[in-house]
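Structure, as structure tokens:
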Amino acid sequence: MNDLIETIIESFQTLTLNKMRTGLAILGIVIGIGSVITLISLGQGSTQTIENQIQSLGSNLLTVSPSRQNDRGIAGQSGGGNSLTITDAKAIESKLPKTLINKVSPEFSSRSQVVAGRNNTNVSVIGVYPTYGEIRKITMDKGVFISSHDVLSMTKVAVIGPTTATDLFGEINPIGKTIKVGSQTLKVIGVTTSKGGTGFNNPDDMVYVPLSTAQKQIFGRDNLSSIAVEATSKEVMIQAQDAIGYLLLKEHKLNIPTDADFTIMSQNDLLNTVSQVTGTLTTLLGGIAAISLLVGGIGIMNIMLVTVTERTREIGLRKALGAKKKTIIAQFLIESILLTFTGGVFGMVFGILASLIISKIMNIASVISISSILLAIGVSSLIGIVFGLYPARKAANLQPIEALRYE
Amino acid sequence: MIKVLKQTKIYSVGEVQTIALDNISFEIKKGEYVAIMGPSGSGKSTLMHILGILDMPTRGEYFLDGQRVSQLTEDESADIRNKKIGFIFQAFNLLPRTTAIQNVMLPMRYANVPIAKRFEKAKKFLEIVGLENRLDHNSNQLSGGQQQRVAIARGLAMDPAILLADEPTGNIASAQAEEVMNIFTKLNKEGHTIIMITHEPDIASHAKRIIHIRDGRIEKDEKL
């Protein structure tokens, strides 16, 4: 043990003698480990953000969407968007047992230009039932959400997301103001609380209107773009999914499941798919970064081989004075491990800083996990062993007399 | 103690064969002070390397303390070099960028002597060679004579039975050479076996026995 500490101190002294060379040798490892950590933590961060976003959309959620329908091999109308109607939503709510499903939310959404005074923005306008807010756990920052009365009386009201509110009204309180969606003028009755989302389906950047208003007055359509169903518990999700499927097949007078003109996605399906995709991406990125690590390792091997050649006389002397093979191997192996380990530590710091900076600038989350740090340290030490072994063995196998004579 | 039996060493470089030692036999007893003399190329350095188990003869046997050296493994040889033989090389061969005391401590490290004891002993040996004020000087900060004395202290570090010195005065001034010879005489009186290679007759005259070598053969073996 003492011997090991001594060898480590000695190796450290040897490595600090030629700082420039040592620095350049570990640079490859620093970059390799750094990029692996950066990419993995950004990858994991994105995965987590997406998963959180999906989960924040509601729990135990099943989404029924229209799909293109095939009629005896003849493709149905493209877009297939018209197969779901409010009748379907009502059937699900009334004909399925309360032990399976809790709430049903028919939805119609479309992107549209929304104007308020001089400001305008392009957002998702979504026609909803009050259940939408309950299922999606929407809370109000100001005012109230769409009520049953609004839906029944087709009132011209709207609830807007906080991002939309800022875009259209700046710092002014939007409650009571009017916005123009298409040809219709709507009164703002509420602003939702921020959910902190980003991207295309950002719940913070939406305009909610009563479903009837959206369908009849704004867009002039009578189909639904989706029906969200909240199952009573996680355990009955699959059962509920099947029940909805059979019910809708019957409602649509279809016989075989392959003819279905709708799809039912559970939130778990979505989560799994997303996790799979982001997981693959993270692995791929990590793999690319690992190549730079390999190149770094080869650099270490190269520098160790040069060191062994340079110090041939020293090795001969050490053997003459009684150093055994394993002592020489240990000496050079520890030197290379020290190189790669130091590189690993610097690489880790570099990786963490880089992922923090990138996540700040690009506004994506990063997760620095203990496992990736341990991985970095472990992998870098392993590289030291793998790429240091050959040079160390080469040193140990030198014959003392040949080594002493070496000029 | 040392028994060399019909040793031949042939170096082959391509087709050319050079005979460095030609069927040489001799014995050296414990406590002897032997000088091996001969012109350059006579094979004396080769002989010293074989005696120090740094090299192997092509033919013939070498017994050290009754042990057949040709049967030793590489690590066993290293162990014997460490414990029984003290080397003093012509070119000093100190570790560069390393202090005098660390150089002397090195062989003890390979024998797993605890660090405190190593330090204490190394200090003592550096005092013997008169370098107590130079313990922490790097080897390249020392003069040739001082470096040679560090090398002697290192050779003594493990209290070896045999001290092998290759031209110990070859690279130092004559005043310092005398000093080194005094150290050798003192060590021999304390019971160390000393084998010294030289081509200078007045250096060899300090020994009690001189083996003259020419063309790989013993030309003359005289007791003084």
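The values are calculated or read from the model by the stated rules, or taken from the named source; none is laboratory data. Treat the numbers as computed from the prediction; the structure is a model and nothing was measured. FYI the Cβ positions are ideal-geometry reconstructions off the backbone, even for glycines, and counts take in every protein chain you see.
General remarks:
- Residue check, B:Ile80 within 13 Å of another protein chain (Cβ to nearest Cβ) and either within 23 Å of B:Ala207 (Cα to Cα) or modelled with pLDDT of 90 or more (or both): yes
- Those residues of segment B:62-77 which are more than 9 Å from chain A (Cβ to nearest Cβ) and either at positive phi or touching a helix residue (DSSP H, G or I) at 6+ places or on another chain (Cβ under 9 Å) (or both), in sequence order: B:Tyr62, B:Phe63, B:Leu64, B:Asp65, B:Gly66, B:Gln67, B:Val69, B:Leu72
- Figure legend. Inter-residue proximity from segment A:283-312: first residues touching a residue at least 24 places away in the same chain (Cβ under 8 Å) and over 30 Å from A:Thr47 (Cα atoms), second residues among the hydroxyl-bearing types (Ser, Thr, Tyr) and outside any helix (DSSP H, G or I), beta-carbon distance below 8 Å, spacing 6+ or different chains. Indicated pairs: A:Thr312/A:Tyr406.
- Screening segment B:26-38 for residues that are in contact (Cβ under 8 Å) with a residue 40 or more places away in the chain and in a strand (DSSP E or B) and picking the one that is nearest to B:Met1 (Cα to Cα) gives B:Ile28.
- Qualifying positions in segment A:325-339 - crowded, with 20+ Cβ neighbours inside 10 Å and either within 8 Å of another protein chain (Cβ to nearest Cβ) or within 20 Å of A:Ile31 (Cα to Cα) (or both): A:Glu335, A:Ser336, A:Ile337, A:Leu338, A:Leu339
- Entirely in segment A:106-172, the helices (runs of 4 or more DSSP H) that have 2 or more residues that are polar (S, T, N, Q), more than 28 Å from the chain's Cα centre (by Cα) and assigned by TED's automatic domain parsing to the domain that holds A:Ser226: A:148-153
- Members of segment A:5-48 that are away from chain B (no Cβ under 12 Å) and surrounded by fewer than 19 Cβ atoms within 10 Å (Cβ to Cβ): A:Ile8, A:Phe12, A:Lys19, A:Met20, A:Arg21, A:Gly23, A:Leu24, A:Leu27, A:Gln48
- Scanning segment B:92-107 for residues that are among the aliphatic types (A, V, I, L, M) and more than 9 Å from every other protein chain (Cβ to nearest Cβ) yields B:Ala100, B:Ile101, B:Val104, B:Met105.
- Which numbered condition B:Pro57 misses (of (1) in a loop (DSSP other than H, G, I, E, B); (2) more than 11 Å from every other protein chain (Cβ to nearest Cβ); (3) out of contact with any helix residue (DSSP H, G or I) (no Cβ under 7 Å at 6 or more places or on another chain)): (3)
- Residue within segment A:340-360 that is crowded, with 19+ Cβ neighbours inside 10 Å and within 14 Å of chain B (Cβ to nearest Cβ) present: no
- Scanning segment A:173-217 for residues that are buried (at least 22 other Cβ atoms within 10 Å of the Cβ) and part of a helix (DSSP H, G or I) turns up A:Leu211, A:Thr213, A:Ala214.
- Test: residue in segment B:8-19 that is over 13 Å from B:Ile197 (Cα atoms), assigned to a strand (DSSP E or B) and in contact with a helix residue (DSSP H, G or I) (Cβ under 7 Å, 6 or more places away or on another chain): yes
- Qualifying positions in segment B:60-101 - polar (S, T, N, Q), part of a loop (DSSP other than H, G, I, E, B) and loosely packed, with under 14 Cβ neighbours inside 10 Å: B:Thr73
- A:Ala320 vs. criteria surrounded by 18 or more Cβ atoms within 10 Å (Cβ to Cβ), of a type outside the set (Asp, Glu) and in contact with a strand residue (DSSP E or B) (Cβ under 7 Å, 6 or more places away or on another chain): yes
- For segment A:219-232, the tally of residues that are buried (at least 18 other Cβ atoms within 10 Å of the Cβ) and more than 20 Å from A:Ser83 (Cα to Cα) stands at 2.
- Residue pairs meeting the criteria (Cβ under 8 Å; at least 6 apart or on separate chains; first closer than 17 Å to A:Thr131 by Cα, in segment A:144-169; second of a type in the set (A, V, I, L, M) and assigned to a helix (DSSP H, G or I)): A:Val151/A:Leu211; A:Ile160/A:Leu168
- Scanning segment A:266-321 for residues that are within 14 Å of chain B (Cβ to nearest Cβ), among the β-branched types (Val, Ile, Thr) and touching a Leu at 6+ places or on another chain (Cβ under 9 Å) yields A:Thr312, A:Ile315.
- Identity of the residue in segment B:151-176, touching a residue at least 60 places away in the same chain (Cβ under 8 Å) and part of a helix (DSSP H, G or I), that ends up nearest to the other protein chains (Cβ to nearest Cβ): B:Arg154
- Among the residues making up segment B:40-54, those that are assigned to a helix (DSSP H, G or I) and within 14 Å of chain A (Cβ to nearest Cβ) are B:Ser45, B:Thr46, B:Leu47, B:Met48, B:His49, B:Ile50, B:Leu51.
- Residues satisfying the stated conditions in segment A:269-292, i.e. buried (at least 16 other Cβ atoms within 10 Å of the Cβ) and under 24 Å from A:Leu100 (Cα atoms): A:Leu270
- Qualifying position, being in a loop (DSSP other than H, G, I, E, B) and assigned by TED's automatic domain parsing to the domain that holds A:Leu27, among A:Ile364, A:Ile385: A:Ile364
- In this structure, B:Arg118 does not satisfy being under 26 Å from B:Gln148 (Cβ atoms), within 8 Å of another protein chain (Cβ to nearest Cβ) and among the basic types (Lys, Arg).
- Within segment A:40-52, not a single residue is more than 22 Å from A:Val277 (Cβ to Cβ) and not assigned by TED's automatic domain parsing to the domain that holds A:Glu107.
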